[in-house]
1. Would you mind listing the helices (runs of 4 or more DSSP H) fully within region 101-159 where at least 3 residues are over 23 Å from the mean Cα position of the chain (by Cα) and not hydrophobic (A, V, I, L, M, F, W, C)?
2. Name, by its number, the condition in (1) surrounded by fewer than 18 Cβ atoms within 10 Å (Cβ to Cβ); (2) of a type in the set (Lys, Arg); (3) not in a loop (DSSP other than H, G, I, E, B) that does not hold for LYS95.
3. Filter region 280-293 down to the residues that are more than 12 Å from the chain's Cα centre (by Cα) and surrounded by 15 or more Cβ atoms within 10 Å (Cβ to Cβ), then identify the one that is farthest from LEU244 (Cα to Cα).
4. Restricting the search to region 204-221, which residues are surrounded by 13 or more Cβ atoms within 10 Å (Cβ to Cβ) and not small (Gly, Ala, Ser)?
5. Give me the residue from region 295-323 that is hydroxyl-bearing (Ser, Thr, Tyr), in a helix (DSSP H, G or I) and in contact with a helix residue (DSSP H, G or I) (Cβ under 8 Å, 6 or more places away or on another chain) and, out of that set, nearest to ALA284 (Cα to Cα).
6. Which ones in region 1-28 are surrounded by 15 or more Cβ atoms within 10 Å (Cβ to Cβ) and farther than 27 Å from ASN79 by Cβ?
7. Can you pull out the residues in region 238-276 that are under 19 Å from ALA309 (Cα atoms) and either surrounded by fewer than 18 Cβ atoms within 10 Å (Cβ to Cβ) or polar (S, T, N, Q) (or both)?
8. All but one of (1) over 18 Å from the mean Cα position of the chain (by Cα); (2) more than 20 Å from GLY15 (Cβ to Cβ); (3) touching a residue at least 24 places away in the same chain (Cβ under 8 Å); (4) crowded, with 19+ Cβ neighbours inside 10 Å hold for ARG31, so report the exception by its number.
Amino acid sequence: MRTYLPLYQQTYSFGNYKLIPIRHEDRHSIRQWRNDQIDILRQNEPLTEAQQDNYFNTVINQLFEQAQPSQLLFSFLENNKLIGYGGLVHINWEKKTAEISFLTPHERAINAEIFVSDWCNYLKQIKQIGDIDLNFNSLFTYAYNIRPLLYNALSQSGFKEKERIKNAVSIANKNYDVLIHEYIFQPISFKMADKADLMQYYTWANDQEVRENSYNQQAISLQDHSQWFETQIENTKNYFYLFLNNQQQAIGQVRISIKTNENIIGVSVDYLHRGKGFSAKMIAMASHDFMAKNKGQVIVAYIKTTNMASYQSFIKAGYILKEKTMIENNESYALTFASII
């Protein structure tokens with residue numbers, strides 16, 4: 001499988017659905033789908049086999065060699081069978097925006113139930129790529145107003161109509177509007193913590209939920225915390241990532257520590273900001289930054305099997321389950337993260 005340079009994770013799964021970098025072998029199935037549904041696409045004439053071969057051999061192949069390609073295209077599978085393709089196109093890396101493209105075979109597109117299901121499951125995964133892996137600000141769709149079911153799927157997936165361009169396109173001698181729908185992410189950033197953040201970390205460390213999910217559940221005294229924090233913050237083998245939302249409010253932290261035999265990660269989210277999807281994004285951003293600075297390393301997360309919310313966040317961030325193990329008499333998951341590029 002070919003890999004995209006901007007992505008650490010290359011396979012995205014949800015239920016029976018899967019997104020993988022676009023495969024060369026799928027090019028003529030895609031060509032047929034495009035020719036069958038040319039009216040809904042910005043395509044002027046049917047594609048020939050030669051044109052499609054040339055496009056894949058030149059344009060598509062180059063995407064896998066670029067740090068910031070203009071598009072990221074994927075094959076969309078259900079139970080490992082190709083049922084569609086799409087991705088992020090017209091990517092603006094400076095503004096962190098992209099248009100979403102997606103197409104399925106004609107027989108799936110004309111079945112209302114399948115059409116909406118395909119779109120919703122596809123959008124769930126493409127939003128993860130835009131938000132967690134790329135930290136984009138927004139994604140949008142550009143579509144002719146001839147597929148009302150599409151707008152049902154977009155609405156179910158949290159997209160809002162941003163703009164309507166009246167009579168923008170003529171199909172079979174009839175004018176149609178173009179509708180642009182947008183999904184806006186909640187942008188976050190991080191800084192490296194310093195001594196001034198001692199009390200913020202103390203508050204997070206003694207949060208009831210944090211203590212329950214920790215291997216040491218004892219409350220931590222301010223004196224003990226202060227001694228530990230001031231020592232650890234100066235240790236170059238510790239990476240303290242403090243995350244902020246777009247209002248510069250502290251929303252949580254990720255710590256990655258370089259140990260003798262492994263690099264261990266831990267995460268906590270401020271109680272006021274839980275349930276907003278920040279955890280996986282924080283884990284991914286911190287992990288990517290650490291790997292960029294420590295190439296060839298592997299990060300390990302140990303999570304109690306009772307803490308399924310944290311487990312799912314790490315999986316969503318690209319971690320892979322290595323094994324089940326016992327940590328301080330607690331059955332735990334051991335997950336790993338490593339660059340595949």
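1. 106-109
2. (3)
3. Among residues in region 280-293 that are more than 12 Å from the chain's Cα centre (by Cα) and surrounded by 15 or more Cβ atoms within 10 Å (Cβ to Cβ), the one farthest from LEU244 (Cα to Cα) is MET291.
4. TRP204, ASN206, ASP207, GLU209, VAL210, ARG211, ASN213, ILE220
5. For region 295-323, the residue satisfying everything is SER313.
6. PRO6
7. Residues satisfying the conditions are GLN253, ILE264, GLY266, SER268, TYR271, LEU272, ARG274, GLY275, LYS276.
8. (3)
The values are calculated or read from the model by the stated rules, or taken from the named source; none is laboratory data. Every value quoted in this text rests on a predicted model; they were computed, and no experiment measured them. Ideal geometry is used to build each Cβ from the backbone, glycine not excepted, and the neighbour counts take in all protein chains shown.
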